[in-house]
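Asker: I have a structure I would like to understand better, so I am pasting it below and will then ask my questions one at a time.
The values are calculated or read from the model by the stated rules, or taken from the named source; none is laboratory data. All of these numbers come straight from a predicted model, not from anything done at the bench. Note: ideal-geometry Cβ built from the backbone for every residue, glycine included; neighbour counts use all protein chains shown.
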2 protein chains.
Amino acid sequence: MSDAAPGRIDPEEFRRLGHRMVDWIADYHRQVGELPVLSRSGPGDLLRALPEAPPEQGCGEAGWDEVLADLDALIVPGLTHWQSPQFHAYFPCNASTPGILGELLSAGLGIQGMLWATSPAATELEQRTLDWLAQLTNLPDRFRAPDGGGVIQGTASEATLVAMVAARHRVAGGRDADLVAYTSTQAHSSIVKAARIAGICDEVDGTTRNGRRTVRFVPTDDNLRLDPAALRAAIAEDIEAGRTPFFVCATVGTTSSGAVDPLPEIGAVLADTGFRDAGGWLHVDAAWAGSATVCPEHQGLLAGLEHADSYTFNPHKWLLTNFDCSAFWTSDPEHLTAALGVTPEYLRNRATDAGGVVDFRDWQIPLGRRFRALKLWFVLRHFGAEGLRAHIRHHVALGEQFENLVRQEPMFELAAARSLSLVCFRLSGPRERANAEGRALLDALNAEGQIYLSHTTLPDPVDQAPRFVLRMAIGAAATTADDISQAWDRIRALAAQIRRAGTEPTA
Amino acid sequence: MSDAAPGRIDPEEFRRLGHRMVDWIADYHRQVGELPVLSRSGPGDLLRALPEAPPEQGCGEAGWDEVLADLDALIVPGLTHWQSPQFHAYFPCNASTPGILGELLSAGLGIQGMLWATSPAATELEQRTLDWLAQLTNLPDRFRAPDGGGVIQGTASEATLVAMVAARHRVAGGRDADLVAYTSTQAHSSIVKAARIAGICDEVDGTTRNGRRTVRFVPTDDNLRLDPAALRAAIAEDIEAGRTPFFVCATVGTTSSGAVDPLPEIGAVLADTGFRDAGGWLHVDAAWAGSATVCPEHQGLLAGLEHADSYTFNPHKWLLTNFDCSAFWTSDPEHLTAALGVTPEYLRNRATDAGGVVDFRDWQIPLGRRFRALKLWFVLRHFGAEGLRAHIRHHVALGEQFENLVRQEPMFELAAARSLSLVCFRLSGPRERANAEGRALLDALNAEGQIYLSHTTLPDPVDQAPRFVLRMAIGAAATTADDISQAWDRIRALAAQIRRAGTEPTA
């Protein structure tokens, strides 16, 4: 039978190997907390360990002992374990049992949902689960059917890019215009990356061909939130100069400090300045913090969202849905699909021609698409709204625990107000010394590899000079209060060593 | 323990549910050939079957009987089965045992490889497996280390977009220029979609702001290959008019008919016209056909590839590596990363600052990235080069089988030369009648749902008017010679009915 189609799936072979892989993963999660969270690998270690030439003969099922042995010996040591309870470096990337099962099922089915017709259930399950998410997070009605709608993007970067392209189409169409986008100085790097890809600007500082500034980074207030007055002045100045403001990206939960831009005031500015009347588009990026709004007590984060044309948050970060799953809603699917739709003859089909169905290829950059709604469906059913809220509340409580530990220790101070489960802190004392000590502490922690934190710089409220700040981004699904206590004990011990020794740890 | 972290993975629960899901998938592949390949669902069927409100309480492990029952009852009927042996509609989307296991493992590990440091093995396994693929397909040295390099993109659409953005950066940098891109009239819709996203053009016909044509669709020869003389004339005309030709996308294996653009002649044009000297970029899109070049007898398809700056093909189409896995190589990583790189403080790390490592986030649109190299590694090890060649040769032989069946049947004729396993055919006779009969045949086939084909239009060699053409795109991993015979018998029987009845099938 296997000769009849050399690449076909033999169901029994798949069953045997699939069970082995599931067992391997179960064992991995049993032990992940004991592995060094930050890989100890050096550059080129794995490259040197792998054969330079590809295998000529296949190993087949019989060879999987060796494949799994290589996985243990070669791959695992090269991993930084995002599912470790001591991973607090970047915003989390939650895996979960239903999330993994959904990804497995998606791979096993191997369907591709570019068109409604190429698997109606892929499109409709996505529509339904995104609508469930919209209900759970209490989104404004404008993002739900029949006017608006939701879709799964790969990442928030892609969500920003498609929003920007839709905005350009709505504001400028075929017209020549000096387009200007706005975001805060604290916004994510993906905003300017999207603008560079879209040809809005060329350089990372937001300038472009012939020196016109086409992404403006609006200053923030003392709490690192976009300053609406500064936005108002920037838009007015650009309109006065004959430029065309077309896109504002506000952030709910910035990467560096979890700051929340004031959406109600931003909405008022956009209405007052003529930005809105000219078709300008407000996109709201809540990539990380958005997950928290499954809890009613955090839904205030989204106050003013009714002013937005699009909104995104990533269930793949903090809502137990395996990467990638970035939920994106827009109140203006017409301009989105007008900007992205191209229909060659070979993609035409009866269902599309008849109307009444949604082809999600026109809502995204790629043509092809995986069946990602399965994992979201499984997560929502397995945990339910209650389970997801408990997950978020658990981490916010851990954030409070860590905040209190920082507050009680004179060697440290908070570097920004705690935002949900993100705590930004620094060594106390004069800036120059504290910055050096902070860097030394991060290096010492990462050299040990048992606890993984990352850093940022935030402006000193006094003179705006950069302060080195440690980010404790709590959100790994497995993290417990004990893990936080242990992490804190180690952080404090290393900091004490560094402080005693000058800026270098003793060992 | 589960109270300590409500979202954590319980290894034993995962093991039990994982085994069930593996068993479900094994059973699915045992029966997929008996299901209607094209879903019988109507618009809204699944939406109406699913609850309007999200579940408040989670079902937990105990609820998975119901989840799996809903999977059978609600989801499966809404699928179009890309893994069915009778799926010949679009280019394939091969799933395989090692491909699914790789996707499962990637989900289970839940790591995110945006930076080398965030999992060194994810970056280095990707570098090694892409280099293996480059060897297997005999790519020019310029695409391999130390000068060039490979990376996994999500889709060929994204590969085209990043190539276009890199090209713009190389040619124009911060300079103002009227950029012009070129591709053939037979090229994939993703080329113009990429140009629209990148702001190169605004409309689907390639025009843009102030009416300048910025994507030019170059005519093809009688074999539907880009005409190098026409490309030469177009570039010369644009240079003469003060415009800046910056990007050419050639296709190896077009979607409609599998045509292969003449890369050696295109390379000569680009050298002669000054396109090359001005920094212009040649991208080669072999999304589907590239997989065939694991066979030495098909490597002639890539003759002239040494003229290209970037090249892409999709192992997720025809090389048994689950979607998504689009292999992309460039000989100029410097301009690619210069165009896409943005490094905020929170992404800085010791390894990146020290150099000597590659951060793949700067090679792609998104920031985050799944560990997709695992599935490619598993596929290469499980099948080996020999197994992959056998897989390709099996389908090319099926293409020959189908071609011969068409040739022997006077009711039909080939509409283009067979390309590998893609056979374009049509009803014979006067165009208007044959077109109507072709549409009726496709509708009749799709109404039955047992065999799934798609269509395109190709220009009539006589007067370039569109001819309706059926595409038999053979490549599902499970398809056998018997499946081809059965498909042909049904196609012929329905065509005979249609021909007897006028243009409508009798039942």
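Asker: Take the conditions part of a helix (DSSP H, G or I) and touching a Pro at 6+ places or on another chain (Cβ under 6 Å) and apply them to A:L374. Does it pass?
Answerer: Values: part of a helix (DSSP H, G or I): yes; touching a Pro at 6+ places or on another chain (Cβ under 6 Å): no.
Considered against the rule, which asks whether it is part of a helix (DSSP H, G or I) and touching a Pro at 6+ places or on another chain (Cβ under 6 Å), A:L374 comes out as no.
Asker: How about the range B:48-64: which of its residues are in a loop (DSSP other than H, G, I, E, B) and either among the hydrophobic types (A, V, I, L, M, F, W, C) or at the interface with chain A (Cβ under 7 Å from one of its Cβ atoms) (or both)? Before you say what the answer is, go through the steps one by one.
Answerer: Here is the first cut: in the range B:48-64, the ones in a loop (DSSP other than H, G, I, E, B) are B:50-60.
Selection gives B:L50, B:A53, B:P54, B:P55, B:E56, B:Q57, B:G58, B:C59, B:G60.
Asker: Same structure again: Taking into account only those residues within the range B:250-278 that are farther than 18 Å from B:Q299 by Cβ and within 14 Å of another protein chain (Cβ to nearest Cβ), which is surrounded by the most Cβ atoms within 10 Å (Cβ to Cβ)?
Answerer: B:T254
Asker: Just one of A:V252, A:V215 is farther than 28 Å from A:A292 by Cα and either among the polar types (S, T, N, Q) or under 23 Å from the mean Cα position of the chain (by Cα) (or both); which is it? Spell out how you get there, then give the answer.
Answerer: Numbers: A:V252 fails: farther than 28 Å from A:A292 by Cα.
Being farther than 28 Å from A:A292 by Cα and either among the polar types (S, T, N, Q) or under 23 Å from the mean Cα position of the chain (by Cα) (or both) holds for just one of A:V252, A:V215, which is A:V215.
Asker: Name the residue, out of A:R243, A:R232, A:R225, A:R168, that is under 24 Å from the mean Cα position of the chain (by Cα) and under 18 Å from A:W281 (Cα atoms).
Answerer: On the way: A:R243 fails: under 24 Å from the mean Cα position of the chain (by Cα); A:R232 fails: under 24 Å from the mean Cα position of the chain (by Cα); A:R225 fails: under 18 Å from A:W281 (Cα atoms).
The conditions single out A:R168.
Asker: Same structure, new question: For A:D45, state whether it is within 30 Å of A:T479 (Cα to Cα) and at the interface with another protein chain (Cβ under 9 Å from one of its Cβ atoms). Spell out the reasoning first.
Answerer: Working: within 30 Å of A:T479 (Cα to Cα): yes; at the interface with another protein chain (Cβ under 9 Å from one of its Cβ atoms): yes.
Criteria met by A:D45.
Asker: For residues that are in contact with a helix residue (DSSP H, G or I) (Cβ under 6 Å, 6 or more places away or on another chain) and more than 7 Å from every other protein chain (Cβ to nearest Cβ), scanning just the range B:194-205, find the one that is surrounded by the fewest Cβ atoms within 10 Å (Cβ to Cβ).
Answerer: That would be B:C201.
Asker: State the number of residues belonging to the range A:113-138 that are facing another protein chain (nearest Cβ under 8 Å) and not in a helix (DSSP H, G or I).
Answerer: Adding up the residues that qualify gives 4.
Asker: Now, a different point. Only one of (1) polar (S, T, N, Q); (2) under 21 Å from A:V165 (Cα atoms); (3) modelled with pLDDT of 95 or more fails for A:T214. Which number is that?
Answerer: (3)
Asker: What residue, among those in the range B:65-88 that are over 16 Å from A:A122 (Cβ atoms) and facing chain A (nearest Cβ under 8 Å), is surrounded by the fewest Cβ atoms within 10 Å (Cβ to Cβ)?
Answerer: B:V67
Asker: Something else now. Looking at the structure I just gave you, is B:G173 assigned by TED's automatic domain parsing to the domain that holds B:G258 and either out of contact with any Ser or Thr (no Cβ under 9 Å at 6 or more places or on another chain) or of a type in the set (K, R) (or both)? Reasoning before the result, please.
Answerer: Working: assigned by TED's automatic domain parsing to the domain that holds B:G258: yes; either out of contact with any Ser or Thr (no Cβ under 9 Å at 6 or more places or on another chain) or of a type in the set (K, R) (or both): yes.
Answer is yes for this residue.
Asker: Output the residue which, of all residues in the range A:1-42 that are part of a loop (DSSP other than H, G, I, E, B) and over 24 Å from A:V76 (Cβ atoms), is farthest from the other protein chains (Cβ to nearest Cβ). Outline the logic, then answer.
Answerer: Just the residues of the range A:1-42 that are part of a loop (DSSP other than H, G, I, E, B), to begin with: A:1, A:5-10, A:35-42.
Then keep just the ones that are over 24 Å from A:V76 (Cβ atoms); that gives A:1, A:5-10.
Working: A:M1: 9, A:A5: 5, A:P6: 4, A:G7: 4, A:R8: 4, A:I9: 5, A:D10: 7 Å.
Here the answer is A:M1.
One line per residue, one yes/no per condition, for (1) touching a strand residue (DSSP E or B) at 6+ places or on another chain (Cβ under 8 Å); (2) farther than 18 Å from A:T321 by Cα; (3) in contact (Cβ under 8 Å) with a residue 24 or more places away in the chain:
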| position | (1), (2), (3) |
| --- | --- |
| B:H19 | no, yes, no |
| B:H29 | no, yes, yes |
| B:G44 | no, yes, no |
| B:L47 | no, yes, no |
| B:A53 | no, yes, no |
| B:T80 | yes, yes, yes |
| B:G99 | no, yes, yes |
| B:Q112 | no, no, yes |
| B:W116 | no, yes, yes |
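Asker: A:F91 fails exactly one of the following numbered conditions: (1) hydrophobic (A, V, I, L, M, F, W, C); (2) within 8 Å of chain B (Cβ to nearest Cβ); (3) outside any helix (DSSP H, G or I). What is the number of that condition?
Answerer: If we test A:F91 against (1) hydrophobic (A, V, I, L, M, F, W, C); (2) within 8 Å of chain B (Cβ to nearest Cβ); (3) outside any helix (DSSP H, G or I), just (2) comes out false.
Yes/no matrix, rows are residues, columns are (1) within 21 Å of A:A117 (Cα to Cα); (2) aliphatic (A, V, I, L, M):
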{"residue": "B:N435", "(1), (2)": "no, no"}
{"residue": "B:A440", "(1), (2)": "yes, yes"}
{"residue": "B:L458", "(1), (2)": "no, yes"}
{"residue": "B:R467", "(1), (2)": "no, no"}
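Asker: Name every residue in the range A:139-193 that is more than 9 Å from chain B (Cβ to nearest Cβ), in a helix (DSSP H, G or I) and without any contact (Cβ under 8 Å) to a residue 60 or more places away in the chain, in order of residue number.
Answerer: Scanning the range A:139-193 gives a single hit, A:D141.
Asker: Of all residues being under 16 Å from the mean Cα position of the chain (by Cα) and among the small types (G, A, S) in the range B:289-309, which is nearest to B:R393 (Cα to Cα)? Just the residue, please. Let's see the steps before the verdict.
Answerer: If we filter the range B:289-309 for residues that are under 16 Å from the mean Cα position of the chain (by Cα), which is where we start, we get B:289-293.
Imposing the further condition that a residue be among the small types (G, A, S) reduces the set to B:289-292.
Working: B:A289: 13, B:G290: 13, B:S291: 11, B:A292: 8 Å.
Within the range B:289-309, the match that is nearest to B:R393 (Cα to Cα) is B:A292.
Asker: Right, another one. Within the bounds of the range B:442-464, is there any residue that is more than 13 Å from every other protein chain (Cβ to nearest Cβ) and small (G, A, S)?
Answerer: The first filter runs over the range B:442-464 and keeps only residues more than 13 Å from every other protein chain (Cβ to nearest Cβ), leaving B:448, B:450-451, B:460-464.
Narrowing the set further to residues that are small (G, A, S) leaves none.
No; the residues of the range B:442-464 include none that is more than 13 Å from every other protein chain (Cβ to nearest Cβ) and small (G, A, S).
Asker: Taking A:R216 as the residue in question, decide whether it is away from every other protein chain (no Cβ under 14 Å), under 17 Å from B:V342 (Cα atoms) and in contact with a helix residue (DSSP H, G or I) (Cβ under 7 Å, 6 or more places away or on another chain). Please lay out each step first, then the result.
Answerer: Numbers: away from every other protein chain (no Cβ under 14 Å): yes; under 17 Å from B:V342 (Cα atoms): yes; in contact with a helix residue (DSSP H, G or I) (Cβ under 7 Å, 6 or more places away or on another chain): yes.
Yes, satisfied.
Asker: Also: When you check B:R168 against the structure, is it among the basic types (K, R), under 22 Å from B:S291 (Cα atoms) and modelled with pLDDT of 95 or more, yes or no?
Answerer: Numbers: among the basic types (K, R): yes; under 22 Å from B:S291 (Cα atoms): no; modelled with pLDDT of 95 or more: yes.
No, not satisfied.
Asker: Another question, if that's okay. Can B:R361 be described as more than 7 Å from chain A (Cβ to nearest Cβ), in contact with an Asp or Glu (Cβ under 9 Å, 6 or more places away or on another chain) and under 18 Å from A:T155 (Cα atoms)?
Answerer: Numbers: more than 7 Å from chain A (Cβ to nearest Cβ): yes; in contact with an Asp or Glu (Cβ under 9 Å, 6 or more places away or on another chain): no; under 18 Å from A:T155 (Cα atoms): yes.
No.
Asker: Kindly indicate whether B:T343 is within 11 Å of another protein chain (Cβ to nearest Cβ), assigned to a loop (DSSP other than H, G, I, E, B) and buried (at least 19 other Cβ atoms within 10 Å of the Cβ). Talk me through it step by step, then tell me what you get.
Answerer: On the way: within 11 Å of another protein chain (Cβ to nearest Cβ): yes; assigned to a loop (DSSP other than H, G, I, E, B): yes; buried (at least 19 other Cβ atoms within 10 Å of the Cβ): no.
No: the conditions fail for B:T343.
Asker: OK, next. Given (1) touching a residue at least 60 places away in the same chain (Cβ under 8 Å); (2) more than 26 Å from the chain's Cα centre (by Cα); (3) surrounded by fewer than 22 Cβ atoms within 10 Å (Cβ to Cβ), identify the lone condition not met by B:A495.
Answerer: The one condition B:A495 does not meet is (3).
Asker: Another question, then. I'd like the full set of residues that are among the acidic types (D, E), closer than 20 Å to B:R492 by Cβ and part of a helix (DSSP H, G or I), limited to the range B:386-426. Lay out the reasoning, then the answer.
Answerer: From the range B:386-426, those among the acidic types (D, E) are B:386, B:400, B:403, B:409, B:413; that's our starting set.
Next cut, closer than 20 Å to B:R492 by Cβ only: B:400, B:403, B:409, B:413.
Answer for the range B:386-426, where residues must be among the acidic types (D, E), closer than 20 Å to B:R492 by Cβ and part of a helix (DSSP H, G or I): B:E400, B:E403.
Asker: Would you mind stating whether B:A373 is of a type in the set (A, V, I, L, M, F, W, C) and surrounded by fewer than 22 Cβ atoms within 10 Å (Cβ to Cβ)?
Answerer: Numbers: of a type in the set (A, V, I, L, M, F, W, C): yes; surrounded by fewer than 22 Cβ atoms within 10 Å (Cβ to Cβ): no.
Taking the combined requirement at face value, the residue does not satisfy it.
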